[in-house]
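Report on one structure; see the data block that follows.
The values are calculated or read from the model by the stated rules, or taken from the named source; none is laboratory data. Just so you know, these numbers come straight off a predicted model, no measurement behind them. Every residue, glycine as well, gets a Cβ built from its backbone with ideal geometry; the counts of neighbours run over all protein chains shown. Surface areas here come from the heavy atoms of the whole protein model, side chains and all, with no ligands, DNA or RNA. Shrake-Rupley method; radii C 1.70, N 1.55, O 1.52, S 1.80 Å.
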Amino acid sequence: MKKSLIGTMVAVAATIIFTGEASAAKHSQWLQSNKTELSAHRGAQIVAPENTVEAIAAAGKLRYGFVEIDVQRTKDHHYILMHDKTVDRTTNGSGQVSNMTLAEIEKLKIEDDTGRLTSYKVPTLQEALEEADRYDVGINFDGSKGNWDDKDFVDDVIQLAQQENVYNHSFFVLSNTEIREQFNKWYPEAPVTFLGNALKNVDTDLIALKKYNQALYSVSINNINAETAEKIKRAKLKLHVYGVNTEAQYEKAQKLHPRLIETDVIIP
């Protein structure tokens with residue numbers, strides 16, 4: 001059955017507040033599962049603005065398996081969710097996250113993609129992970145944002161993930177080779193990946209990923225086909241396909257039998 005797209009978003013937003021919490025059991029072997037789950041890019045943006053607690057809660061209520069989030073560190077060394085280096089695009093404030101205190105950021109309100117001011121707040125990483133744990137939603141940490149080359153940053157993020165019971169239900173997308181190698185030395189059991197291109201580099205990508213204790217192959221839906229997906233499967237790596245935002249892309253992704261399909265708009 002095809003997944004519903006934009007036409008169902010209003011109905012989803014109207015009814016989601018009445019949905020109960022997920023009851024799925026905690027599992028630390030998620031990467032060994034053959035189940036295909038949807039991952040909500042920056043949370044369920046069909047219901048609430050990106051990188052908010054409400055978007056994570058909505059993902060849980062809608063039964064997404066994972067959410068992708070972006071972590072930034074404030075001037076006073078607190079951790080928040082924010083995609084950009086500045087708060088300008090998504091809030092009613094302005095300035096770089098690294099130059100602002102948590103207290104300053106907590107005064108801001110989130111704007112939606114139309115520029116309308118909402119009542120939503122910028123969440124701390126701890127608040128976001130607490131909500132993910134509440135609904136048993138896995139975490140895709142986007143390592144292209146934040147200071148993943150800084151051990152204090154990494155240690156703090158890992159500590160919070162462990163504290164909020166999501167560390168064993170998460171993975172880390174680190175496309176910078178040097179940063180990924182260093183991260184793997186610090187936390188060798190943490191699943192890692194990078195943004196590969198199966199159509200151009202599948203063989204070299206597989207060699208790079210197979211040296212880690214736990215890894216998966218992350219690729220845009222536009223950069224993979226059935227042949228390269230089969231090669232990834234034979235290498236005994238799970239597949240994470242992102243950028244899946246149309247019914248045609250979703251149908252293609254399903255046929256590849258990935259572990260995760262990441263989307264902005266498709267509903268489980």
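Please verify whether Tyr120 is open to solvent by less than 70 Å² (accessible area, probe 1.4 Å), modelled with pLDDT of 95 or more, in contact with a Lys or Arg (Cβ under 8 Å, 6 or more places away or on another chain) and not in a helix (DSSP H, G or I), treating the condition exactly as stated. When the stated conditions are applied, Tyr120 passes them.
Checked against (1) open to solvent by less than 40 Å² (accessible area, probe 1.4 Å); (2) without any contact (Cβ under 8 Å) to a residue 40 or more places away in the chain; (3) within 27 Å of Ala44 (Cβ to Cβ), Ser218 meets all criteria but (2). Selection of the range 61-84 for residues being β-branched (Val, Ile, Thr) and assigned to a loop (DSSP other than H, G, I, E, B) yields only Thr74. The conditions of being under 14 Å from the mean Cα position of the chain (by Cα) and open to solvent by less than 30 Å² (accessible area, probe 1.4 Å) are not met by Ala190. Is at least one residue of the range 234-250 open to solvent by 10 Å² or more (accessible area, probe 1.4 Å), farther than 24 Å from Gln45 by Cβ and touching a His at 6+ places or on another chain (Cβ under 9 Å)? Within the range 234-250, none of the residues are open to solvent by 10 Å² or more (accessible area, probe 1.4 Å), farther than 24 Å from Gln45 by Cβ and touching a His at 6+ places or on another chain (Cβ under 9 Å). Looking at Ala226, Ala253, Ala235, just one residue is under 28 Å from Glu50 (Cβ atoms) and in contact (Cβ under 8 Å) with a residue 24 or more places away in the chain, and that residue is Ala253.
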